[in-house]
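The values are calculated or read from the model by the stated rules, or taken from the named source; none is laboratory data. Not measured: the values here are computed from a predicted model. For neighbour counting, all protein chains shown are included, and Cβ atoms are generated from backbone atoms with ideal geometry for every residue, glycine included.
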Amino acid sequence: MIKFSDNLPDTIPVFPLTGALLLPRARLPLHIFEPRYLQMLDDALKTPHRLIGMIQPWEAPGGQKRLQAIGCAGRLTGFSETEDGRYMVTLTGISRYRIQAEVEGFTPYRRAKVDWHDFTRDRGEVEPDPAFAREPFFALLARYFQAMNLSTDWDNLKEAEPELLINALSMLCPFEPQDKQALLEAPSLTTRRETLVTLMEFALRSGGEDEVMQ
C-alpha cells in the first residue's frame, strides 16, 4: 500500500476526464496521447510525489468548461511508452482533494491549488463497512450485470474485501458522470456502498431487466 504523510503539494496538475473515476487505494489505467497531457506526464514524473489530479469537468451555462470542486489525486505507479509516443500509465489513488483555485501559468495543461484537509481518512488504513451484507449485495449485483450485459470473474469478485469491491464497482460500472461524482464525494465507504446500491436499483427500475427479458 502506498502511504503519504499530510505533506502533500498544494498545487497539482489536473486531468479533466468525463466519466473517469479514481478512488483512494484503487488503480486507474489511462491511455495518454494528447500532446498537452503527454507534457503533463513528463512534468509529473519529475516531481517527488508524481501526482496527477483526476477531476470531472462540467459545462456551465454559456458553454464555459468548469471543473467539479472535488477530485482524487493518483500517483503514477505504472508507466510504459508505445513506439508511436503514446503513454500507457496507471494511477494509484492517494487522496481526494478540494479545488481552491485554478493556477494560471505557461503549461499547456490545467493546474490547481488544492486543499487536502477534508480527506485525511483517504490516507489511512483500508476503510471498513461494518453494515455490508454480501448475500443481498451480490444478488442485486448479479441482476444489474445481467441487465447491463456485463461480465466479470465472479469468484474473484466474491472474495474481494468490501473496500476493494465497492470502489472497483464504483469505478467500472457504466454510470452517468454526475453519478460517478456522487460516488467520489461519498463521505464514507458505507455511504458509497449505499449510493452504489441506489444507482443499480434505479438502473434496474429504469428498464434494464425488462430489456433483457424481451
(message) Out of the strands (runs of 3 or more DSSP E) lying entirely within segment 48-136, which hold 1 or more residues that are more than 15 Å from the chain's Cα centre (by Cα)?
(response) 57-59, 65-67, 70-81, 87-103, 110-115
(request) Identify the single condition in (1) at pLDDT 95 or above; (2) out of contact with any strand residue (DSSP E or B) (no Cβ under 8 Å at 6 or more places or on another chain); (3) not hydroxyl-bearing (Ser, Thr, Tyr) that residue 83 does not satisfy, given that it satisfies every other one. (result) (1)
(request) Could you tell me whether any residue of segment 33-55 is closer than 14 Å to residue 114 by Cβ, surrounded by 13 or more Cβ atoms within 10 Å (Cβ to Cβ) and either touching a residue at least 60 places away in the same chain (Cβ under 8 Å) or assigned by TED's automatic domain parsing to the domain that holds residue 183 (or both)? (result) yes
(message) What's the total number of residues in segment 137-155 that are farther than 18 Å from residue 198 by Cβ, free of Cβ contacts under 8 Å to residues at least 60 places away in the same chain and outside any loop (DSSP other than H, G, I, E, B)?
(response) 2
(request) Pick out the one residue from 9, 24 that is of a type outside the set (Ser, Thr, Tyr), in contact with a helix residue (DSSP H, G or I) (Cβ under 6 Å, 6 or more places away or on another chain), modelled with pLDDT of 95 or more and not in a strand (DSSP E or B). (result) 24
(message) Residue under question is residue 205, and the condition is that it be in a helix (DSSP H, G or I), under 15 Å from the mean Cα position of the chain (by Cα) and either surrounded by fewer than 18 Cβ atoms within 10 Å (Cβ to Cβ) or charged (D, E, K, R) (or both); does it hold?
(response) no
(request) Restrict the check to segment 95-111 and report whether at least one residue is closer than 28 Å to residue 51 by Cα, modelled with pLDDT under 95 and out of contact with any strand residue (DSSP E or B) (no Cβ under 9 Å at 6 or more places or on another chain). (result) yes
(message) Looking at 195, 190, can you tell me which residue is surrounded by 12 or more Cβ atoms within 10 Å (Cβ to Cβ), modelled with pLDDT of 95 or more and over 17 Å from residue 25 (Cβ atoms)?
(response) 195
(request) State the number of residues belonging to segment 80-102 that are farther than 11 Å from residue 69 by Cα and among the hydrophobic types (A, V, I, L, M, F, W, C). (result) 4
(request) May I ask you to list pairs of residues, at least six apart or on different chains, whose Cβ atoms are under 6 Å apart, with the first in segment 156-185 being of a type in the set (Lys, Arg) and the second being surrounded by 16 or more Cβ atoms within 10 Å (Cβ to Cβ) and not in a helix (DSSP H, G or I)? (result) 180/21
